[in-house]
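Have a look at the structure below before the remarks.
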Amino acid sequence: MSGQKIIAVGADHAGFDLKQALCGFLEQQGYEVKDLGTHSTESTDYPDYAGQVARAVAAGEAERGLLVCGTGIGMAMAANRFAGVRAANCFDTYACAMARAHNDANVLTLAARMLAQPYAEEILRVFLDTAFEGGRHQRRVDKMDSVTGG
Ligand code: RB5
């Protein structure tokens with residue numbers, strides 16, 4: 001995915017610092033960042049930000065989403081409740097490449113308490129640069145919606 005694409009970004013208090021750094025990284029790479037908060041390290045609730053980013057992606061207001069919390073787990077759980085959102089919590093670049101190539105993940109969630117910033121940037125770069133392979137994987141992705149009715 002090349003520049004000028006809109007990425008919706010959100011974090012809770014645990015993810016705030018890494019989110020700030022990744023917003024800068026995205027802008028350097030030429031992406032337009034829609035920063036939906038949080039805007040400080042004051043304690044907040046991750047579902048609030050997961051919901052905002054998931055809605056932006058589901059509505060087509062952003063091409064992709066990025067969510068950061070302590071572990072990435074709560075963000076992924078919350079974002080995946082929204083129809084059309086496929087959020088993947090990735091701890092390494094291989095998992096992230098597969099999440100894009102096979103699962104067409106449109107939201108990446110990251111663990112601020114478990115990932116160093118440079119490696120988080122590498123994972124994010126893979127998320128942005130890896131194409132969905134389609135084919136048999138499209139059928140499987142379609143089934144995610146059909147089996148749940150969503
Ligand atoms: C906040 O302490 C922490 O629970 C949250 O950032 C996240 O890791 C939840 O999944």
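Numbers at a glance
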quantity: Nearest 10 degrees, 0 to 90: helix 46-58 Cα axis against the chain principal axis; calculated: 50 degrees
quantity: Karplus 3J(HN,Hα) series, Hz, for region 137-144 with 6.51 cos²θ - 1.76 cosθ + 1.60 (x for Gly, Pro); calculated: 6, 5, 4, 5, 5, 4, 5, 4
quantity: Förster radius 25 Å - calculated FRET efficiency between residue 35 and residue 125 (Cβ-Cβ, nearest 0.05); calculated: 0.85
quantity: Cα shape, region 97-150, gyration tensor, a/c 1.5 rule; calculated: oblate
quantity: Label point 7 Å beyond Cα of residue 61 along Cβ direction - residues of region 8-25 with amide nitrogen under 12 Å; calculated: 8-9
quantity: Set of lysines near residue 34 by C-alpha distance (under 18 Å), chain-local residues within fewer than 8 positions excluded; calculated: 5, 19
quantity: Helix-only CD estimate at 222 nm, as mean residue ellipticity for the chain, using -39500 (n - 2.57) per DSSP H run (n ≥ 4); calculated: -14000 deg cm²/dmol
quantity: Cysteines having no other Cys beta carbon under 4.7 Å from their own, within the chain; calculated: 23, 69
quantity: 3J(HN,Hα) from dihedral phi, region 6-12, Karplus parametrisation 6.51/-1.76/1.60, rounded to Hz, x for glycine, proline; calculated: 8, 10, 7, 10, x, 7, 9
quantity: Most to least packed among 28-36, 119-127, 102-110 [average Cβ atoms within 10 Å]; calculated: 102-110, 119-127, 28-36
quantity: Enclosed volume per residue, in Å³, of the convex hull spanned by Cα atoms of the chain; calculated: 91 Å³
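Taken together, the values in this text are just the output of simple stated rules run on the coordinates, not laboratory data. If you're wondering where the values come from, they're calculated on a predicted model, not measured in any experiment. Cβ coordinates were reconstructed from backbone atoms using ideal geometry, including for glycine residues, and neighbour counts include every protein chain displayed.
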